[in-house]
Each structure stands twice: as structure tokens, then as C-alpha cells.
Amino acid sequence: MNEQQVGRFFDSLSQDYTAVIERCFPRYREMLWALLDYLPSDKPFNSIVELGSGTGNLSVLIARAFPRATIRFVDLSGDSLNVCRSRLGHHDRFTFEERDFRELSYEANSVDLVVSSIAVHHLTSTEKQQLFSRINGWLSPNGVFSFADQFRGATDAIYARHMHHWRELSSAAGSSGEEWNMWMMHQREHDHHDPLVDQLGWLAEAGFSQVDCVWRYLLWAVVQGSKQ
Ligand SMILES: C[S@@+](CC[C@H](N)C(=O)[O-])C[C@H]1O[C@@H](n2cnc3c(N)ncnc32)[C@H](O)[C@@H]1O
């Protein structure tokens, strides 16, 4: 991943991001809802990290759902973080970190919940495995990692069907050919869609238990695991 190019790409989208993503993926809101809805309700999440928070569509939901938690929002794109900050307002419990989340290091056992939406796929397979292991280290006992993202199918044929249906879906939702080409160019240059089943395995190898895919539609899925 060229992090400067990724940051610039999302900087350039920051003012229109929500409209563009909702045209591109009409079930985007449902996916964010699922990420929140399936979080275990019996665990206190006092310290939260969001990776790749962008302009804050998941951030506002998390901030509302956990009104007393301290939350760190991390993103490469300064312009997107500015939009996120203006939506959330200034509160001592929020920190905005313009950083590459591959380089984060938090204290061991210091975070109760790590969330992310459509950001982890920017990492290569090896980088994902390293990230999962680092997240496991940051999490407190019984802490949870939950992320929504794009995943490959188990076979090339399944993945090709996903891409075909996605193209039709976004077109029906009003996404133009130009917009589709923009996403596909970004995807070719910066995205790494690893199979869902591989990533479930990597989470288990990183020390997570109760690993599950709690929601899925085409290549999008929400996955979560708890620290043992
Ligand atoms: C597709 S957007 C998703 C934004 C938001 N989470 C959402 O659900 O709509 C991906 C975001 O991840 C950020 N990102 C990608 N790779 C990153 C990295 N290595 N470190 C920090 N942020 C990253 C991008 O800058 C961008 O804002």
C-alpha cells in the first residue's frame, strides 16, 4: 500500500464520501448497523479504538452507543478526520490520530473494543495477520475486535459473481460508470481482498476466540472475535 496515495484519495473524497459510498453500496448503513448490533451487550467498553474512521459514519454510531467511553479515531486522511471531528464535536473523551494504523502501538491490555469499517482491506495478507495479532495484544481480557470489510470468496468464481452483482447493485442505486471506474482503479492499486475463511483463521491464530461472521452480503461482511 502506498499510504500517501491512499490518504490523498480519501482526502479528495472527504466532502462527498457518504453520498458516494451509499450509491456504491446501498446496504452500507445496514452493515454498520450489524457491526453495532452484534457487539456483545454484556461487556463494558470503556476504551475504544476505531481504525480508518474516515469521515465518521461508524464513529458517530459508536460515540452514541458508548456515551462514556474514551474513543481514538485513527485515519491516514487528514481531511476525512476533519469531517469526522466536526461531526462529533469537541469532547475530552475523543482523540483524532492522523496516522497509519499499521504503525500504531498501544499499551498491552489497554483497549476494550477495536472497530473498523471498510479499511482493513487496504493491508496485504501479511499485514492483516500482523495487525490482528497487535490488536489482540492491545485488547483487555474479553476485549472485542469487530470489523466490516470487503472479502474475496473462497473461489475465483464466487468472487467474480460478487463483483458482477455489486456492479449491477451500484448502477441501480445511481452510481455512474465514471464512479465505478474510480473505485475499480483504487481497488486495483490499493485494495487486497483476502478470503473471508482465511481471515477468520488468522483471527483465531492471533488469539481470538468466538470468531464469527455475523453479517454478509456479496463481498461485504462483518466479522468479530473476542480476546481469550
Ligand atoms: C473506504 S474508507 C472507510 C471510511 C469509514 N470507516 C466508512 O465506513 O465509511 C477507508 C478509510 O480507511 C483509511 N485507511 C486506509 N488504510 C489506512 C491505514 N493504513 N491507516 C489509517 N487509515 C487508513 C482511509 O484513509 C479511509 O479514510
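Just so it is clear, none of the values below were taken in a lab; they were calculated from the coordinates. Only a predicted model underlies this, so the values are computations on that prediction, with no experimental measurement involved. Glycine also receives a Cβ, built like all others from the backbone with ideal geometry; neighbour counts cover every protein chain displayed.
Worth pointing out:
- Candidates D156, D42, D198, ranked by Gaussian network fluctuation over the chain, Cα under 10 Å, top entry: D42
- Share, in percent, of DSSP beta bridges within the stretch 3-227 that are antiparallel, nearest 5: 40 percent
- Each label point was placed 7 Å from the Cα along the Cα-to-Cβ direction; for R167 and Q210 their separation is 4.1 nm.
- Computed about the Cα centre, the dipole magnitude for the chain is approximately 460 debye when only Lys and Arg (+1) and Asp and Glu (-1) carry charge, each at its Cβ.
- Computed magnitude of the charge dipole of the stretch 26-81 (debye, nearest 20; Cβ of K, R +1, Cβ of D, E -1): 140 debye
- Prolate/oblate/rounded call for the stretch 151-196, Cα gyration tensor, a/c under 1.5 rounded: oblate
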